[in-house]
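In what follows, a single structure is set out as structure tokens and then discussed.
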Amino acid sequence: MEKAEFEARWNRFEDNCRQCHACGLRDGATNVVIYRGSKNAPLMIIGEAPGGDEDVKGLPFVGKSGMLLQNLLDLYDIDESLYHICNIVKCRPPENRRPEREEIAACKRHLAEQFRLVRPQVILLCGSTAYEAFYGQKPTMRDVRGRWDSRNGYQIMTSYHPAYALRNEEMKIPFYEDIGKVRNKLEELGLAAPLAPLSN
Ligand code: URA
């Protein structure tokens with residue numbers, strides 16, 4: 001797709017997201033939270049829904065759990081050009097409750113267009129809501145996390161949601177390891193340069 005055509009389609013996509021009232025969430029949201037990172041990143045990271053900080057700033061994962069995620073991305077030198085961070089739904093659910101099935105379904109067409117435009121090769125699903133929305137079934141997280149699933153040309157990994165890892169200290173290491181596996185996959189696919197060796 002030509003750059004100008006891409007930008008026009010991207011702008012249309014963002015307008016459609018902002019004007020959407022397909023479910024009730026928009027009425028209670030300050031901002032429609034679309035993405036942060038790069039518009040054509042090889043890695044798409046998908047969370048559940050914007051929380052309070054995200055709703056105010058209009059950006060995903062900028063609160064406490066976002067800080068954990070960002071720290072790990074920084075640690076593994078996964079910079080902004082490599083990732084596109086978004087959520088299953090783009091408007092904050094009241095009281096930060098889980099988005100409901102109908103809300104996820106209503107937002108799906110926006111996520112589908114986001115996929116078509118960003119065209120990631122590697123996908124990281126953060127948490128059970130993202131998994132369920134993607135695969136259509138509830139996961140047993142300890143069984144599915146940290147494994148690669150290759151389908152329709154995508155390399156997909158599920159990990160814990162960073163908020164869950166923050167609340168459960170013992171989940172931090174597995175989450176940390178999973179981001180490391182994402183780093184390795186980006187390198188293996190030639191999408192990121194190998195990490196420079198540590199110097200002392
Ligand atoms: N939790 C999410 O799932 N997404 C965000 O953007 C912030 C917190």
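Which count do you get for residues in the stretch 143-200 that are among the aliphatic types (A, V, I, L, M) and in a helix (DSSP H, G or I)?
In the first step, residues of the stretch 143-200 are kept if they are among the aliphatic types (A, V, I, L, M); the result is 144, 156-157, 163, 165-166, 171, 173, 179, 182, 186, 189, 191-193, 195-196, 198.
Right, trim to in a helix (DSSP H, G or I) and you get 144, 163, 165-166, 171, 173, 179, 182, 186.
Residues meeting the conditions: 9.
Could you go through the stretch 134-148 and let me know if any residue there is in contact (Cβ under 8 Å) with a residue 60 or more places away in the chain and of a type outside the set (S, T, N, Q). Reasoning before the result, please.
Step one: filter the stretch 134-148 for residues in contact (Cβ under 8 Å) with a residue 60 or more places away in the chain, giving 134.
Imposing the further condition that a residue be of a type outside the set (S, T, N, Q) reduces the set to 134.
Yes, the stretch 134-148 contains at least one residue that is in contact (Cβ under 8 Å) with a residue 60 or more places away in the chain and of a type outside the set (S, T, N, Q).
Filter the stretch 70-89 for residues that are among the hydroxyl-bearing types (Ser, Thr, Tyr), in contact (Cβ under 8 Å) with a residue 60 or more places away in the chain and either within 11 Å of the ligand (Cβ to nearest atom) or surrounded by 23 or more Cβ atoms within 10 Å (Cβ to Cβ) (or both) and give the result.
Correct list: empty.
Regarding the stretch 149-164, can at least one residue be identified that is charged (D, E, K, R), touching a strand residue (DSSP E or B) at 6+ places or on another chain (Cβ under 7 Å), surrounded by fewer than 17 Cβ atoms within 10 Å (Cβ to Cβ) and over 17 Å from Ala49 (Cβ atoms)? Quick ask: steps written out before the conclusion?
First, pick out the residues of the stretch 149-164 that are charged (D, E, K, R): 149, 151.
If we keep only those that are touching a strand residue (DSSP E or B) at 6+ places or on another chain (Cβ under 7 Å) as well, we get 149.
Pick out the ones that are also surrounded by fewer than 17 Cβ atoms within 10 Å (Cβ to Cβ) and you get 149.
The next check asks that each one be over 17 Å from Ala49 (Cβ atoms); those that pass are 149.
Yes, the stretch 149-164 contains a residue that is charged (D, E, K, R), touching a strand residue (DSSP E or B) at 6+ places or on another chain (Cβ under 7 Å), surrounded by fewer than 17 Cβ atoms within 10 Å (Cβ to Cβ) and over 17 Å from Ala49 (Cβ atoms).
For Arg92, state whether it is crowded, with 17+ Cβ neighbours inside 10 Å, of a type in the set (Lys, Arg), closer than 25 Å to Arg18 by Cα and out of contact with any Gly (no Cβ under 6 Å at 6 or more places or on another chain). Don't jump to the end; show me each part of the working.
Values: crowded, with 17+ Cβ neighbours inside 10 Å: yes; of a type in the set (Lys, Arg): yes; closer than 25 Å to Arg18 by Cα: yes; out of contact with any Gly (no Cβ under 6 Å at 6 or more places or on another chain): yes.
Taking the combined requirement at face value, the residue satisfies it.
Could you tell me how many of the residues in the stretch 106-142 are in a helix (DSSP H, G or I), of a type in the set (A, V, I, L, M, F, W, C) and within 24 Å of Met171 (Cα to Cα)?
Of the residues in the stretch 106-142, the ones in a helix (DSSP H, G or I) are 106-118, 128-135, 141-142.
Going one step further and asking which of them are of a type in the set (A, V, I, L, M, F, W, C), we end up with 106-107, 111-112, 115, 117-118, 130, 133-134, 141.
Filter once more, keeping what is within 24 Å of Met171 (Cα to Cα): 130, 133-134, 141.
Residues meeting the conditions: 4.
Any residue in the stretch 93-107 that is of a type in the set (Val, Ile, Thr) sitting within a Cβ distance under 7 Å of a residue that is part of a helix (DSSP H, G or I)? List the pairs, counting only those 6 or more apart or interchain.
Ile104/Ala133
Could you count how many residues in the stretch 109-133 are more than 16 Å from the ligand (Cβ to nearest atom) and either of a type outside the set (Gly, Ala, Ser) or in contact (Cβ under 8 Å) with a residue 40 or more places away in the chain (or both)?
Looking only at the stretch 109-133, we keep the residues that are more than 16 Å from the ligand (Cβ to nearest atom), and these are 109, 112-113, 115-122.
So of that shortlist, the ones also either of a type outside the set (Gly, Ala, Ser) or in contact (Cβ under 8 Å) with a residue 40 or more places away in the chain (or both) come out as 109, 113, 115-122.
Looking only at that region, the number is 10.
Being more than 9 Å from the ligand (Cβ to nearest atom) and surrounded by 22 or more Cβ atoms within 10 Å (Cβ to Cβ) narrows it down to one residue among Met44, Met67; which is it? Reasoning before the result, please.
Working: Met67 fails: surrounded by 22 or more Cβ atoms within 10 Å (Cβ to Cβ).
Criteria check complete, one pass: Met44.
Which numbered condition in (1) more than 11 Å from the ligand (Cβ to nearest atom); (2) surrounded by 14 or more Cβ atoms within 10 Å (Cβ to Cβ) is the only one that Ala8 fails?
(2)
Every number in this text was worked out from the coordinates using simple rules, so none of it is lab data. Treat the numbers as computed from the prediction; the structure is a model and nothing was measured. Cβ atoms come from the backbone with ideal geometry, glycine included; neighbour counts cover every protein chain shown.
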